[in-house]
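The values are calculated or read from the model by the stated rules, or taken from the named source; none is laboratory data. The structure displayed is predicted, hence computed values, not measured ones. Cβ atoms come from the backbone with ideal geometry, glycine included; neighbour counts cover every protein chain shown. These area figures cover heavy atoms from the full protein model, side chains too; ligands, DNA and RNA do not enter into them. Shrake-Rupley method; radii C 1.70, N 1.55, O 1.52, S 1.80 Å.
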Amino acid sequence: MRLPADPVENLAALIRCPSVTPAEGEALSVLETMLQPMGFTVERPLFSDTDTPDIENLYARRSGNGPHLMFAGHTDVVPPGDEKDWKHPPFAAAIEEGVIYGRGAVDMKGGIACFVAAMARYLEKHETLNGSVSFLITGDEEGPAVNGTIKLLEWASARGESWDASLVGEPTNPDMLGDMMKIGRRGSLSGTITVHGIQGHAAYPHLAENPVRGMVALVDSLLYPAFDEGTEDFQASNLEVTSIDVGNKATNVIPAKATATFNIRFNDTWTVESLQAEINSRLQKAARDSRLRPGRETPIHYDLEWREQPSHVFLTRDEKLIRTLSASIEAVTGKRPKLSTSGGTSDARFIKDYCPVVEFGLVGQTMHMVDERVAIADLEGLTQIYERFITDFFGVASSGTLTDR
């Protein structure tokens, strides 16, 4: 039986599945047909939760005696937007001048397609696998991330699954294949501040309390001074105010309240708890020191609500895993990848609680954009990197002897 060793064919088949979160779009079915001929046992658990869509996921394993490597990723994609803006239809997988177009081409159906191809090529060359390989694939990474990887890990762990290492196939390279490997991520914490005032006529401010004045003072306390200057492994923590609103459509009315939402990406200077305490301290001090209007002695009246589940900062310190993948990347591309903790969050934030995890995939310049695309040469290059990594991870050198990088 012909194995799915061509990453371009694999990716085209996946792109043609319109798996916009939370729709499965037949993407997991296509992936299942690729994995079964390679001896993988495939299961597709469905998870549910309150006020979130049901999500179908995939867990596949090929078992052997030795270490257990997990490849993790997602088949769900963000909406394509107005399809008329695309050079080629977003789910057609059109190929033009050595480039394949489609939603999910780099984020991250391309990474999945390459790892499947790499696994197929490995099995074509080696009769046995000195260990186990599993695919942990969700349909909820681009969504609320409630019924996806976090529950799939819990489900698999409860069934006795354990892993020695994980590779996440997210697009990690900023410019060229081989630029960057992610060995950790900053944490993420979000909150909403509501300042309460008294609604009134803009011409009679002495009869009202404008919450915007208080909001400016509170927001300023979060922006200055900086939370830190960064650490050896992480860039500086960064707080961004992402929304300020008073819900006021009239120009002559002082609003009754103002809200501001913020998100901070933080490094290992902080824990979630210590950062929440610092933010609370800053807001309380600013509220005492500022006033809603001149002459008013009462402090700013505000509420703070912490939003969705925070993400904790983490750093992978498994030197063998990092060395093995770095050497594979260098062998194919000629470049030693930068070890980075930059960028946003990924599902690695859940996996790190179960095993060491690193991330490496395609160039991410077009992810979530109109005309998302990937060079066919990069698909071949990433497949070669993954194949070499699989080979070296399981200790099979080109001569057939065991190796420990």
Going through (1) in the same structural domain as Lys320 (by the TED database); (2) in contact with a Lys or Arg (Cβ under 8 Å, 6 or more places away or on another chain) one by one, Thr192 fails only at (1)
Expected single match for assigned by the TED database to the domain that holds Val133, within 22 Å of the chain's Cα centre (by Cα) and either open to solvent by 40 Å² or more (accessible area, probe 1.4 Å) or not hydroxyl-bearing (Ser, Thr, Tyr) (or both) among Val106, Val99 is Val106
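Here's the yes/no breakdown for (1) under 25 Å from His312 (Cα atoms); (2) at pLDDT 95 or above; (3) not aliphatic (A, V, I, L, M):
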site	(1), (2), (3)
Ala165	yes, yes, no
Pro171	yes, yes, yes
Gly178	no, yes, yes
His196	no, yes, yes
Would you check if there is a residue in region 207-227 being under 17 Å from Gly344 (Cβ atoms) and of a type outside the set (Gly, Ala, Ser)? no
Within region 361-391, of all residues that are of a type in the set (A, V, I, L, M, F, W, C) and in contact with an Asp or Glu (Cβ under 8 Å, 6 or more places away or on another chain), the one most open to solvent (accessible area, probe 1.4 Å) is Met367
Selection from region 329-353 of residues surrounded by fewer than 16 Cβ atoms within 10 Å (Cβ to Cβ), part of a helix (DSSP H, G or I) and in contact with a helix residue (DSSP H, G or I) (Cβ under 9 Å, 6 or more places away or on another chain) yields Ala331
Restricting region 130-179 to residues that are charged (D, E, K, R) and within 16 Å of Gln309 (Cβ to Cβ), the one most open to solvent (accessible area, probe 1.4 Å) turns out to be Glu154
For region 204-233 the number of residues that are out of contact with any Leu (no Cβ under 6 Å at 6 or more places or on another chain), surrounded by fewer than 18 Cβ atoms within 10 Å (Cβ to Cβ) and either assigned by the TED database to the domain that holds Arg317 or farther than 24 Å from Thr298 by Cα (or both) is 7
Exception for Ala92 within (1) open to solvent by less than 10 Å² (accessible area, probe 1.4 Å); (2) touching a strand residue (DSSP E or B) at 6+ places or on another chain (Cβ under 9 Å) falls at (1)
- request: Kindly check whether there is at least one residue in region 30-41 that is farther than 18 Å from Gly111 by Cα, open to solvent by 30 Å² or more (accessible area, probe 1.4 Å) and either at pLDDT below 95 or not assigned by the TED database to the domain that holds Ile112 (or both).
  value: no
